[in-house]
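Note sheet for the following structure.
The values are calculated or read from the model by the stated rules, or taken from the named source; none is laboratory data. Computed from a prediction, not measured in an experiment: that's the story for all the values here. Cβ coordinates were reconstructed from backbone atoms using ideal geometry, including for glycine residues, and neighbour counts include every protein chain displayed.
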Amino acid sequence: METATTNCSVSIGNKGKLLALKEDYSSSYSHAERLHLFIDEILKENGLKPQELSAVAVSKGPGSYTGLRIGVSAAKGLCFALDLPLIAVPTLKTLALQVKQEKEGFIIPLLDARRMEVYTTGFNSDYRRVFDTRAEILTENSFSEYLENAAVSFIGSGVEKFRNICKHENATFIEGKLPSAAQMVALAEEKFQKKKFVDVAYFEPYYLKDFVAS
């Protein structure tokens, strides 16, 4: 389940392969209305019963405070009800996996936060992390240490505001992309095989920053 942004996304995988995907790739949050409906529909459409699941994977953040809470609450509910292990998948890595870098370089997902701020993590072309997840206030010099040395692909909901201030020739901007449960399958399978589960009772989403009400 992926609920860290406006994309309400649910997938089913088997042995690392994507079997089915259902998502609402819109600009508004629909998780409270659609998430449980999507779970029911994707199971029925694929002839599966909840009892046939082996584990539940959820996007752990960073991202929308409310979206993450809805996704994690739903995942925990399934795990408790079905006695299943819970797998937490890093949101920014699933976004990076949507980029196929044809040559040596970097992939930097950007999730929109407030004003000129984004949540970001850096990866090389083999999807190995090159810098840790952080909140970054964008300036024209952001990520210059990577742009000066190689091609850099930026992807995610924070791309548009960075494109407006970054004019570096090594930068490629991939717009209109959000994290999806489709890319969670392979990462969840790897964790499942290594039994890298999180505690269902105590797991909390990775908010990165404290919630601010407005």
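With 174, 165 as the choices, which residue is in contact with a strand residue (DSSP E or B) (Cβ under 7 Å, 6 or more places away or on another chain) and either buried (at least 22 other Cβ atoms within 10 Å of the Cβ) or among the β-branched types (Val, Ile, Thr) (or both)?
Matching residue, one of 174, 165: 174.
Please note which helices (runs of 4 or more DSSP H) are completely contained in segment 30-119 and include at least 2 residues that are surrounded by fewer than 19 Cβ atoms within 10 Å (Cβ to Cβ). I'd like the intermediate steps shown before the answer.
Numbers: elements: 31-45, 65-82, 91-96.
Output list reads 31-45, 65-82.
Taking residue 15 as meeting all but one of (1) touching a residue at least 60 places away in the same chain (Cβ under 8 Å); (2) surrounded by 15 or more Cβ atoms within 10 Å (Cβ to Cβ), write down the number of the exception.
(2)
Is it fair to say residue 146 is assigned to a helix (DSSP H, G or I) and outside the structural domain of residue 187 (by TED's automatic domain parsing)? Let's see the steps before the verdict.
Working: assigned to a helix (DSSP H, G or I): yes; outside the structural domain of residue 187 (by TED's automatic domain parsing): yes.
In short, yes.
When only residues in segment 125-143 that are assigned to a loop (DSSP other than H, G, I, E, B) and in contact with a helix residue (DSSP H, G or I) (Cβ under 8 Å, 6 or more places away or on another chain) count, which is nearest to residue 169 (Cα to Cα)? Don't jump to the end; show me each part of the working.
Looking only at segment 125-143, we keep the residues that are assigned to a loop (DSSP other than H, G, I, E, B), and these are 125-128, 138-143.
Among the residues that remain, those that are also in contact with a helix residue (DSSP H, G or I) (Cβ under 8 Å, 6 or more places away or on another chain) are: 127, 138, 142.
Details: 127: 22, 138: 17, 142: 14 Å.
That would be 142.
Those residues that are touching a helix residue (DSSP H, G or I) at 6+ places or on another chain (Cβ under 9 Å), surrounded by fewer than 16 Cβ atoms within 10 Å (Cβ to Cβ) and modelled with pLDDT of 95 or more, I need them from segment 177-214; list them, please.
Matches in segment 177-214: 196, 201, 204.
Looking at (1) in a strand (DSSP E or B); (2) under 17 Å from the mean Cα position of the chain (by Cα); (3) not small (Gly, Ala, Ser), find the lone condition where residue 19 falls short.
Every condition holds for residue 19 apart from (2).
Within segment 156-204, how many residues turn out to be in a loop (DSSP other than H, G, I, E, B) and under 15 Å from residue 96 (Cβ atoms)?
Qualifying residue count for the region: 7.
Of all residues in segment 124-148, which are of a type in the set (A, V, I, L, M, F, W, C), within 18 Å of residue 162 (Cα to Cα) and surrounded by 14 or more Cβ atoms within 10 Å (Cβ to Cβ)?
Listed by number, the residues that qualify are 135, 138, 143, 147.
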